[in-house]
């Protein structure tokens, strides 16, 4: 079964650009592709690796003897040293362990490339977390609910970087990103949006402040009782979680 991370990551524009640039880079090299899971099969339907790359062989631990797979020669990892190639492309979403296996267990000293590169800290974990709570569907409902309203996003961390990179925020009228790290005024923008210290939110007069963090209860309380006290600005989490999950997170914090 394709992972939630795979489904979100591979739909993104930056992933498509990266794969196409990787194909262009590998044009004159002899390639072994490692990892013949469902994800590779799905991507091969779109990018036709076997047609645009000079593939010497594909490999996976599930291949004990030489055979054909998706129209390509498939060999055991233990037989890779017998193949004549320049680079190995790893298809696994979490590729560090695989790269270590290739280098240290198989003793193969070749260039290694990866189909999945984590561009943001904890990218896999954060996308999986969001999708476990149905963020994609929630975001579309939220955009309809507050259409035309002025929004300040609170939280300028890796969590919001993932959201900005892999989800469509068009439809949210975001006028600024706020975070305590912007208090000294040295950062004027964040991910293309104006940056604002928490104390500046009130002057921006947004209709909503959407908190873009995993744990948001204490942040909402802090904003309500300090920076936004006495205003009509509504404070909501950007993501939606059920009450029992929220209570459990508060209890274990």
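Some notes on this structure:
- Solvent-free Debye scattering, log10 I(q)/I(0), computed from the Cα coordinates of region 89-135 at q = 0.16, 0.20, 0.24, 0.27 Å⁻¹: -0.54, -0.71, -0.86, -0.97
- 5 Å binning of all Cα-Cα separations within region 123-252, expressed as whole percents from 0 upward: 2, 10, 21, 24, 22, 14, 6, 1
- For region 7-78 versus region 212-253, the gap between their alpha-carbon centres in whole angstrom: 43
- Å³ per residue enclosed by the Cα convex hull of the chain: 168
- Helix axis angle, 123-132 relative to the chain longest principal axis, alpha carbon, degrees: 70
- Between residue 107 and residue 18, the modelled label-to-label distance comes to 3.3 nm, taking each label 7 Å out from Cα in the direction of the beta carbon.
- Rg and Dmax [Cα atoms of region 4-114; Å; Rg one decimal, Dmax integer]: 13.3, 38
- With the convex hull constructed from alpha-carbon coordinates only, region 63-178 shows a mean projected area of 10.5 nm² over all directions.
- Calculated [θ] (222 nm, deg cm²/dmol) that DSSP helices of n ≥ 4 give over the chain, each run adding -39,500 (n - 2.57): -9500 deg cm²/dmol
- Region 56-106 - Rg and Dmax from Cα coordinates, angstrom: 10.8, 29
- Helix 135-145 and the longest principal axis of the C-alpha atoms of the chain enclose an angle of approximately 40°.
- Rounded to 10°, Cα long-axis angle of helix 243-252 versus longest principal axis of the chain: 90
- Fraction of beta bridges assigned by DSSP in the chain that are antiparallel (%, nearest 5): 15
- Subtracting the Cα-Cα distance of residue 48 and residue 61 from their residue separation scaled by 0.36 nm leaves 2.4 nm.
Throughout, read-outs are computed from the coordinates displayed, never taken from laboratory work. These numbers were taken from a predicted model, which means no experiment stands behind them. When we count neighbours, we look across all protein chains shown, and the Cβ atoms used for this are built from the backbone with ideal geometry, even at glycine.
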